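Taking it in order: structure first as structure tokens, then the write-up.
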Amino acid sequence: MNNSLRQPAQTAIEQCMGLRAHESCCIVTDDERMAIAEALDAVARETTDDVTLVRYPPGDQHGEEPPEPVAAAMAGADVVLAPTTKSLSHTDARTAANEAGARVATLPGITDGVFLMGMDADYEHIREECGRMLGQVADAEEIRVTSPQGTDITLRPGDREWQEDTGIVHEGGQMTNLPAGEVFVSPETADGTVVVDGTMMPHGQLEDGHHVEFTVADGQVTDIADDGLREEVEDAAAEAGEAAFNLAELGIGTNVGVTDLVGSVLLDEKAGGTVHIAIGDDHGIGGGVHAPIHLDGILTEPTVYADGEVVDLPQDER
């Protein structure tokens with residue numbers, strides 16, 4: 001085990017997942033994330049003897065279903081941690097594991113650096129920030145997001161509930177991303193313009209002056225000004241049709257321990273004071289759209305309004 005990864009692995013296993021001696025734990029990984037998986041495996045074995053490490057080749061895209069034996073192993077465990085190259089967050093396998101009673105943490109695209117930085121946090125404080133955010137937005141009929149770069153979009157949650165990703169999942173059926181820290185909703189509809197200035201695939205962290213812009217009408221992305229993003233969505237649309245153009249998510253970062261964007265969506269979308277807006281799949285976060293992509297774009301200077309009132313965003317230190 002890489003000893004430098006021991007402390008973040010302990011935070012994940014002990015504080016975030018609350019693994020107990022009588023429980024089973026499944027670590028799902030691929031060939032490119034073995035160091036983190038082995039650190040989690042070693043720490044988990046200090047609590048329980050019932051630990052399984054399952055490895056499979058990296059998927060081709062985020063949201064791709066893992067092989068059936070991997071999905072079965074996930075559904076059969078009490079605790080699942082998935083440090084993988086491609087995200088399992090928005091998959092039927094993850095949903096089925098939760099429905100079977102597992103508590104699941106996905107760590108999509110995790111790197112050693114992101115693991116070290118993102119897990120060096122007080123997750124009880126992050127949980128408090130999530131609660132404070134929910135208190136401001138949960139009952140709003142309309143959320144508007146603007147930014148100096150040109151974002152102006154209005155989203156309507158409708159009957160869909162806001163959710164929180166606190167990083168602490170101690171009850172069966174719960175799910176989190178790690179590193180964690182956000183509140184989010186899959187809106188029923190949205191209209192407006194999004195201009196991403198932070199991080200977005202396929203580019204990673206955007207250079208100064210490089211923005212990714214797209215237009216939304218009736219909850220569907222109708223125009224994408226960026227060639228790279230357009231190609232990603234159109235490739236997914238060849239498989240899933242209009243579902244690939246779904247406006248999937250609005251999220252607010254609550255992890256004030258993330259002080260700099262690093263080009264990892266997993267970490268950057270959690271940064272306190274940022275907002276992320278995603279395209280594609282939302283069936284695992286309260287919506288009903290299945291798509292082979294879930295692409296988050298991060299806004300670094302958002303203003304958020306809940307029914308016209310300015311939301312007091314977490315104060316990051318960037």
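Values in this text are rule-based calculations from the coordinates and carry no lab data. Quick caveat: nothing in here was measured; it's all calculated off a predicted structure. Neighbour counts run over all protein chains shown; Cβ positions are idealised from the backbone, glycine included.
Specify the inter-centroid distance of the range 216-246 and the range 50-117, based on alpha-carbon positions, in whole Å.
Value for the Cα centre distance between the two parts: 26 Å.
Provide the gained length on full extension for the span residue 217 to residue 138, in nm with one decimal, where the gain is 0.36 nm per separating residue minus the Cα-Cα distance.
26.1 nm
Roughly what % of Cα-Cα distances in the range 5-135 sit above 26 Å, to the whole percent?
18
Going by a ≥ b ≥ c, the root eigenvalues of the Cα gyration tensor, does the range 123-310 fall in the rounded group (a/c under 1.5), the prolate group (a/b larger than b/c) or the oblate group?
Cα axes put the range 123-310 in the rounded bin.
Taking the dipole about the Cα centre of the chain, with the C-beta of Lys and Arg at +1 and of Asp and Glu at -1, give me whichever of 246, 74, 146 is farthest to the positive side.
Value: 74.
List 282, 218 from most exposed to least, where exposure is judged by having the fewest other Cβ atoms within 10 Å.
218, 282
What FRET efficiency would be calculated for the residue pair residue 49, residue 188, taking the C-beta separation as r and a Förster radius of 45 Å, to the nearest 0.05?
0.45
For the range 172-318, what is the charge dipole size about the Cα centre, in debye to the nearest 20, if Lys and Arg each add +1 at the Cβ and Asp and Glu each add -1 at the Cβ?
440
Residue 61 versus residue 309, label points 7 Å from Cα toward the beta carbon: distance in nm?
Label-label distance for residue 61 and residue 309, simple model: 4.1 nm.
Which of these, 223, 31, 60, has the largest mean-square fluctuation under a Gaussian network model of the chain (Cα springs below 10 Å)?
Result for the chain, Cα springs under 10 Å: 60 fluctuates most.
Which value, in debye to the nearest 20, gives the size of the charge dipole of the chain about its Cα centre, when Lys and Arg are +1 and Asp and Glu are -1 at the Cβ?
Using Cβ point charges on Lys, Arg, Asp and Glu, the chain gives about 880 debye.
Find out how many positive minus negative residues lie around residue 246, taking Lys and Arg as positive, Asp and Glu as negative, among other residues whose Cβ is under 10 Å from that of residue 246.
Net charge in that neighbourhood comes out at -4.
What ranking do 87, 4, 147 get, fewest neighbouring Cβ atoms within 10 angstrom at the top?
Values: 87 24, 4 12, 147 21.
In increasing order of surrounding Cβ atoms, one gets 4, 147, 87.
Give the dimensionless ratio obtained when the Cα radius of gyration of the range 224-318 is divided by 2.2 N^0.38 Å.
Here the Cα radius of gyration is 1.18 times the empirical estimate.
Ranked highest first by average number of other Cβ atoms within 10 Å, how do 181-192, 62-73 line up? Don't skip to the end; give the middle numbers.
Working: 181-192: 23.2, 62-73: 18.0.
Top of the packing list down: 181-192, 62-73.
Which order results if 104, 310, 221 are arranged by neighbouring Cβ count within 10 Å, fewest first?
Working: 104 26, 310 11, 221 23.
So the residues, fewest neighbours to most, are 310, 221, 104.
Kindly write out, for the range 224-241 in residue order, the coupling ³J(HN,Hα) from the Karplus curve 6.51 cos²θ - 1.76 cosθ + 1.60 (θ = phi - 60°), rounded to whole Hz, with x marking Gly and Pro.
Along the range 224-241, the couplings run 10, 7, 9, 5, x, 5, 4, 5, 4, 5, 5, 4, 5, 5, 4, 9, 10, x Hz.
Multiplying the sequence separation of residue 205 and residue 15 by 0.36 nm and subtracting their Cα-Cα distance, what value in nm do you get?
Details: separation 190, 0.36 × 190 = 68.40 nm, distance 2.95 nm.
Between residue 205 and residue 15, full extension yields an extra 65.4 nm.
Is there a quick way to get the dipole size of the range 3-118? I mean about its Cα centre, with the Cβ of Lys and Arg at +1 and of Asp and Glu at -1; what is the value in debye to the nearest 20?
Values: 8 positive and 18 negative charges, 62 e Å.
Charge dipole of the range 3-118: 300 debye, to the nearest 20.
Can you work out the PRE-style zone for residue 260? Point 7 Å along Cα to Cβ, and I want the residues of the range 102-126 with backbone N under 20 Å.
110-122
Multiply the residue gap between residue 231 and residue 72 by 0.36 nm, knock off their C-alpha separation, and tell me the result in nm, one decimal place.
Roughly 53.9 nm would be gained on extension.
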